[in-house]
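Here is the structure we will look at, set down as structure tokens.
What follows draws every value from the coordinates through simple rules; no lab data is involved. Because the structure is predicted, anything quoted here is derived from the model rather than measured. No Cβ is skipped: glycine too gets one built from the backbone with ideal geometry, and neighbour counts run over all protein chains shown.
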Amino acid sequence: MPARYDVAILGGGLAGGCLARQLRLEAPALRVLVVEKRRHPVREAAFKVGESSVEIGAHYFQKRLGLEPHLRSAQLEKLGLRYFFTRGDNRDVAARVELGPAAFPPVPSFQLDRGRLENFLLRENAALGVTVVDGCRVQSIALDRGGDHHVTIADQDGRMREIAARWIVDASGRAGLLKRQLGLVRASTHAANAAWWRFRSRIAIDDWSRDSSWRARVPSGLRWHSTVHLMGVGYWFWLIPLASGSHSFGIVADAELHPFARINRFERALDWLREFEPQAAEVMERHAHELEDFLALQHFAHACARVFSPDRWALVGEAGVFTDPFYSPGSDFIAMGNDYTTDLIVRDARGENVSERVEAFNATYLRLFEAFIRLYDGQYPIMGNAQVMTAKISWDNSSYWSMTALLFFQRRFVRPEFIASIDPLLRRYFVLHARMQQFFNAWFRADAAAQYEPVGLNILGIDLMRDWQASLAAPLVDDDALRARLEHNFENLQALARTWQGVAVDRHPGLRRVVDEDGGPLVDVSPLRLTPAGVPVG
């Protein structure tokens with residue numbers, strides 16, 4: 001083990017393992033060290049949470065890192081995100097409003113067995129020439145603005161070794177080694193908790209109902225390939241299949257509506273399911289003897305004052321920021337953060353002064369974090385309303401595909417001069433995005449008592465949304481063409497916003513005071529409009 005490296009990555013999990021691979025692929029001359037505290041190989045299935053990926057993260061794994069053969073052979077392709085909204089006593093999944101695709105989307109994403117993937121990454125990184133040391137802990141980090149940084153590590157027998165590195169990258173997850181050392185910890189106002197576990201067998205939600213029309217909505221019994229969400233006021237319950245044959249389950253809930261003490265033990269979580277998701281509880285009880293693990297985390301969202309520094313350090317993955325597992329953005333932030341970090345390290349190695357790029361990347365990354373956290377902060381009560389949440393999901397996904405994901409797929413986040421050129425557009429987009437989250441909250445308060453007829457919905461059935469998702473795979477375009485596409489996409493987002501505002505005002509005229517009065521074309525969202533049932537609306 002040499003004493004000096006160009007880059008020392010502290011943590012060999014998903015963020016650190018992917019960064020090491022990216023650095024070796026883009027700059028093979030760099031000397032890269034990965035320090036990982038766990039001995040490898042780790043167990044599959046019951047290892048780490050965060051198994052669902054969406055377009056940005058999936059594209060990063062597939063194309064930037066060249067992991068498509070592994071993803072296709074050792075992981076599972078995902079049948080999109082699927083939602084079942086609460087109705088009645090939640091004892092019959094076929095009686096609930098369902099939102100989800102009937103076929104695999106044109107741009108793929110994957111369910112990840114984290115143990116299997118991280119074992120593969122560390123093994124492949126070593127083969128690529130990365131120095132990988134596992135079973136070691138970081139004892140101290142000494143940063144030096146003018147020279148090499150120094151890290152002291154200890155192996156399992158307590159033997160100490162000091163290494164030097166020009167760049168230090170903290171990929172230690174929630175341990176946040178550098179963040180805590182440098183006083184960069186910032187709290188998040190988003191207060192939600194989570195509990196999760198795995199069973200060592202496949203649980204197919206397709207088998208939960210014998211209703212023929214319900215089963216026919218998704219042919220060949222493929223619903224279980226989705227990331228399935230069972231939704232209620234202030235919570236969602238996930239079901240995620242793993243390629244190893246196990247199945248992942250988790251409760252994520254608003255801290256005020258569903259106290260942490262209700263879900264922080266397996267038996268307590270079962271009791272909670274018996275109250276809010278009794279059909280799921282019956283399934284969990286039948287498989288309780290197959291329990292592989294159980295973990296719980298309180299107030300998981302966290303912010304950070306800085307993630308990239310001109311003093312040649314960076315925080316990637318959960319060592320920096322974390323929003324929420326809903327919409328599965330964890331691997332997206334890994335992808336964006338690793339792209340930024342790789343760009344800075346490679347340019348610095350070529351002798352460039354990267355100080356201005358550091359500040360630009362840091363500002364954009366934290367700006368994206370603030371935009372994403374708005375999707376969740378104060379929004380969990382909405383999850384119990386099928387119509388409002390369908391509108392919100394269609395809006396949130398459309399915004400993601402037409403702006404954020406498009407910029408990543410077109411590799412413009414690492415072009416600070418391009419991001420600066422579209423700053424006026426981004427400002428308008430972020431304002432509209434914030435206003436729409438406020439609007440959904442107001443709509444829910446007006447519509448909280450509503451029930452809706454059970455039906456199957458699919459946001460990819462809307463032409464505009466399907467085109468946005470599919471177009472992510474299009475070839476790279478020049479700057480002028482991309483700016484024109486972004487402007488056009490924003491105009492369509494404005495039309496989508498006006499459409500949903502009009503739907504809300506039709507049912508609740510009192511909402512007119514909170515909606516945008518601008519004229520212009522509308523988007524046809526009739527396939528996503530629900531028919532009220534039961535409790536009168538208005």
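Residues with amide H under 5 Å of Gln451's amide H, sequence separation 5 or more or different chain, H placed in the peptide plane at 1.01 Å from N; which?
Correct list: Ala533, Val535.
For the chain, what is the per residue volume of the convex hull drawn over the alpha-carbon atoms, in cubic angstrom?
Numbers: hull volume 77.8 nm³, N = 538.
Taking the convex hull of the Cα positions in the chain, it is 145 Å³ per residue.
GluC sites (Glu not before Pro) within the stretch 244-330: which are DSSP loop residues with at most 11 other Cβ atoms inside 10 Å? Walk me through the numbers before you get to the answer.
Details: sites: Glu256, Glu267, Glu275, Glu282, Glu285, Glu290, Glu292, Glu318; in loops: Glu256.
Answer by residue number: Glu256.
Once you have the Kirkwood Rh of the stretch 148-204 from its Cα pairs, apply Stokes-Einstein at 10 °C and 1.306 mPa s and quote D in µm²/s.
On the way: Rh = 15.7 Å.
Stokes-Einstein gives a translational diffusion coefficient of 101 µm²/s.
Over all Cα pairs of the stretch 337-434, how is the pair count split among 10 Å bins, expressed in % and running from 0 up to the last occupied bin?
For the stretch 337-434, the pair-distance distribution reads 13, 41, 27, 14, 4, 1.
Once you compute Rg and the Kirkwood Rh from C-alpha atoms, what is the Rg to Rh ratio for the stretch 106-175? Don't skip to the end; give the middle numbers.
Working: Rg = 15.8 Å, Rh = 14.7 Å.
Rg/Rh for the stretch 106-175 comes to 1.07.
What is the packing order of peptides 201-209, 296-304, 397-405, 452-460, taking the mean over residues of other C-beta atoms within 10 Å and listing the highest first? Kindly include the intermediate steps, with their values, before the conclusion.
Numbers: 201-209: 15.7, 296-304: 17.8, 397-405: 22.4, 452-460: 19.6.
My ranking of the peptides, most packed first, is 397-405, 452-460, 296-304, 201-209.
Note down the magnitude of the dipole of the chain about its Cα centre, charges +1 on Lys and Arg C-beta and -1 on Asp and Glu C-beta and zero elsewhere, to the nearest 20 debye. Working shown, then result.
Details: 64 positive and 64 negative charges, 140 e Å.
About 680 debye.
Only loop residues by DSSP count here, and only those with at most 15 other Cβ atoms within 10 Å; note down the trypsin sites (Lys or Arg not before Pro) in the stretch 301-403 that meet that. Could the numbers behind the result be given before it?
Values: sites: Arg306, Arg312, Arg347, Arg350, Arg357, Arg367, Arg374, Lys392; in loops: Arg306, Arg312, Arg350, Arg374.
Hits after loop and neighbour filter: Arg350.
Checking the cross-link filter: which lysines have an alpha carbon closer than 25 Å to that of Lys48, excluding same-chain neighbours under 8 positions apart?
Lys37, Lys63, Lys78, Lys179
Once fully extended, how much extra length lies between Arg174 and Ala481, figured as 0.36 nm per residue of separation less the alpha-carbon to alpha-carbon distance? Don't jump to the answer; show the numbers that get you there.
Values: separation 307, 0.36 × 307 = 110.52 nm, distance 4.01 nm.
Stretched out fully, the Arg174 to Ala481 stretch lengthens by 106.5 nm.
Quick one: dipole size for the stretch 238-396, taken about the Cα centre, charges +1 on Lys/Arg Cβ and -1 on Asp/Glu Cβ, in debye to the nearest 20. Could you put the intermediate results ahead of the total?
Numbers: 13 positive and 24 negative charges, 50 e Å.
My answer is approximately 240 debye.
What length, rounded to one decimal in nm, is gained on full extension from Ala474 through to Glu359, with 0.36 nm per residue of separation minus their alpha-carbon distance?
On the way: separation 115, 0.36 × 115 = 41.40 nm, distance 3.00 nm.
In short, 38.4 nm is gained.
Starting from the 7 Å offset along Cα-to-Cβ, what nm value, one decimal, do you get for the label separation of Arg217 and Arg186?
4.0 nm
So, R0 is 35 Å and r is the distance between the beta-carbons of Asp271 and Arg43; what FRET efficiency does that work out to, to 0.05? If you can, show how the numbers build up before the last one.
Working: r = 28 Å, r/R0 = 0.80.
Using R0 = 35 Å, I get an efficiency of 0.80.
Counting residues in the stretch 127-262 as N, plug N into 2.2 N^0.38 Å and put the Cα Rg over that result. List each step's numbers first, then the result.
Details: Rg = 22.8 Å, N = 136, 2.2 N^0.38 = 14.2 Å.
Here the Cα radius of gyration is 1.60 times the empirical estimate.
Full extension from Asp293 to Phe430: what is 0.36 nm times the residue separation minus their Cα-Cα distance, to one decimal in nm?
Working: separation 137, 0.36 × 137 = 49.32 nm, distance 3.97 nm.
My answer for the length gained is 45.3 nm.
Could you go through the stretch 96-111 in sequence order and give the Karplus-derived ³J(HN,Hα) for each residue, using 6.51 cos²θ - 1.76 cosθ + 1.60 with θ = phi - 60°, rounded to whole Hz, and x for Gly and Pro?
Going residue by residue, I get 9, 5, 10, 10, x, x, 9, 9, 5, x, x, 9, x, 9, 9, 8 Hz, with x marking Gly and Pro.
Taking every alpha carbon pair in the stretch 1-147, what does the distance histogram look like in 10 angstrom bins from 0, in percent?
With 10 Å bins starting at 0, P(r) equals 10, 33, 28, 16, 9, 4, 1.
How would you classify the stretch 1-62 from its alpha-carbon gyration tensor, with a ≥ b ≥ c the square roots of the eigenvalues: rounded for a/c under 1.5, else prolate if a/b is greater than b/c, otherwise oblate? Write out the running numbers ahead of the final one.
Working: a/c = 3.08, a/b = 1.32, b/c = 2.33.
Oblate shape, in that a/c is at least 1.5 and b/c is the bigger or equal ratio.
For a test of the definition: using alpha carbon positions, the gyration tensor, and the 1.5 limit on a/c, classify the stretch 255-297 as rounded, prolate or oblate. Write out the running numbers ahead of the final one.
Details: a/c = 3.05, a/b = 1.31, b/c = 2.32.
Judged from the Cα gyration tensor, the stretch 255-297 comes out oblate (a/c at least 1.5, b/c at or above a/b).
Residues of the stretch 127-141 with the amide nitrogen closer than 18 Å to a label point 7 Å from the Cα of Ala29, along Cα-to-Cβ, please.
Backbone N within reach: 129-130.
Over the Cα atoms of the stretch 238-356, each weighted equally, I'd like the Debye log10 I(q)/I(0) at q = 0.11, 0.12, 0.16, 0.18 Å⁻¹, rounded to two decimals.
Normalising to I(0) and taking log10 leaves -0.56, -0.63, -0.87, -1.00.
For the stretch 382-491, take N as its residue count and report Rg(C-alpha) divided by 2.2 N^0.38 Å. Before the final figure, lay out the partial values.
On the way: Rg = 16.2 Å, N = 110, 2.2 N^0.38 = 13.1 Å.
So the stretch 382-491 has a normalised radius of gyration of 1.24.
With θ taken as phi - 60° and the coefficients 6.51, -1.76 and 1.60, list the Karplus ³J(HN,Hα) couplings across the stretch 233-239 in order, rounded to whole Hz; mark glycine and proline as x.
Along the stretch 233-239, the couplings run 4, x, 7, 8, 10, 9, 10 Hz.
Show that you can apply the helix-only estimate: for the chain, add -39,500 (n - 2.57) for every DSSP H stretch of four or more residues, divide by all residues, and state [θ] at 222 nm to the nearest 500. Please report the intermediate quantities before stating the final value.
Details: 16 runs with 197 residues, N = 538.
Value at 222 nm, helices only: -11500 deg cm²/dmol.
Based on the alpha-carbon gyration tensor of the stretch 323-378 and its eigenvalue square roots a ≥ b ≥ c, which shape applies: rounded if a/c is under 1.5, prolate if not and a/b is larger than b/c, or oblate?
On the way: a/c = 6.47, a/b = 2.23, b/c = 2.90.
Cα axes put the stretch 323-378 in the oblate bin.
If amide H atoms are built 1.01 Å from N in the plane of the peptide, which residues on other chains or at least 5 residues away come under 5 Å of the amide H of His299?
Ala192, Asn193, Ala194
Farthest toward the dipole's positive end in the stretch 268-326, which of Pro278, Gln298, Ser309, given Cβ charges of +1 (Lys, Arg) and -1 (Asp, Glu) about the Cα centre?
Farthest towards the positive end: Ser309.
Residues of the stretch 326-366 with the amide nitrogen closer than 19 Å to a label point 7 Å from the Cα of Leu128, along Cα-to-Cβ, please.
Label zone hits: 331-350.
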